[in-house]
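The values are calculated or read from the model by the stated rules, or taken from the named source; none is laboratory data. Bear in mind the structure is a predicted one, so any value in this text is a computation, not a measurement. Here the Cβ positions follow ideal geometry from the backbone for every residue, glycine too, while neighbour counts run over all protein chains shown.
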2 protein chains.
Amino acid sequence: MIKIPNISDAEWEVMKICWLSAPCSANEIVKALEQSTHWKPNTIKTLIGRLVKKGVLGFKEEGRSYSYYPLITEEECIKAESKSFLTRVFGGALKPMLVTFLKDEKLSPAEIEELKLLLEKRED
Amino acid sequence: MIKIPNISDAEWEVMKICWLSAPCSANEIVKALEQSTHWKPNTIKTLIGRLVKKGVLGFKEEGRSYSYYPLITEEECIKAESKSFLTRVFGGALKPMLVTFLKDEKLSPAEIEELKLLLEKRED
DNA sequence: AATCATCAATTACACATGTAAACTTAATTG
DNA sequence: CAATTAAGTTTACATGTGTAATTGATGATT
């Protein structure tokens, strides 16, 4: 079980693009993030480089351009980050956390239905 | 609506003690955290000082000792951190987040029952 | 060959965070 | 009263993160 490195807020944004469109070039990531953030290309490239250094992203050289791909799945990163959040903010207690979110955020009737089914499945 | 400053992981630990037993002296915080962490008293005092600087903790002088109290409620901090987490990791989508947690973590039958009720209440 | 464009790598710098020692001052103890 | 202890403040230093410029190398174009 490999230890998942800490991924910073900014790095999450980069990873999200990569998980969505891997493999992708730095240019593609830059293009995507320039739209959603006000980061300069150099900023984004630094973030890419740091993720590579952390072992979260890998790359394959294609000519003079690199093709980047995730070394850790989105699911795994989400799981690790979720666990960390749950522990830090709720001391590991799931129910109070769920109650907090259910109180504060919006859900459609279909989503509520689906969650109820999921809870019922958890009773088995 | 005051902007809640970012509270680091270590600072969360300090705040949790304070929310639990406010008002409290630095010594009380130190005693509590020495048990649950391997931090030196100086470390904990620094964290306290930073929280004061961030405007998250206030204090009242009592002799040469300070009595610390939270300037932001636990609920508010949890809400802010939860929102930030939801946005960063799930792009703001509540259902996928709930699904992830329900898949990965344990709940007692009573807790499941309670959550179902809460979901039903959300349907109204 | 010189120039330009493009790409990754290196460097820069400020601030935040983790961790804690050193310092200052006041109170307490012997 | 001197020495010690206790409490808060300041300083220290390494690493992480946000943000981005600069540098170096290579390929394409003129």
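A few points about this structure:
- Taking the criterion of being within 19 Å of A:Ser84 (Cα to Cα) and charged (D, E, K, R), the residues of segment B:96-124 that qualify are B:Lys103, B:Asp104, B:Glu105, B:Lys106.
- You will find that of A:Val14, A:Val89, A:Val56, the residue that is buried (at least 16 other Cβ atoms within 10 Å of the Cβ), closer than 30 Å to B:Glu74 by Cα and not polar (S, T, N, Q) is A:Val89 and no other.
- Complete set of residues in segment A:43-53 that are among the aliphatic types (A, V, I, L, M) and surrounded by 16 or more Cβ atoms within 10 Å (Cβ to Cβ): A:Ile44, A:Leu47, A:Ile48, A:Leu51
- Only a single item in (1) under 16 Å from the mean Cα position of the chain (by Cα); (2) closer than 30 Å to A:Glu105 by Cβ is not met by B:Ile2, and it is number (1).
- Selection status of A:Ile2, at pLDDT 95 or above and either under 20 Å from B:Leu94 (Cα atoms) or not small (Gly, Ala, Ser) (or both): no
- The residue that is nearest to DNA strand C (Cβ to nearest atom), among those in segment A:52-86 that are farther than 11 Å from A:Cys24 by Cα and of a type in the set (Lys, Arg), is A:Arg64.
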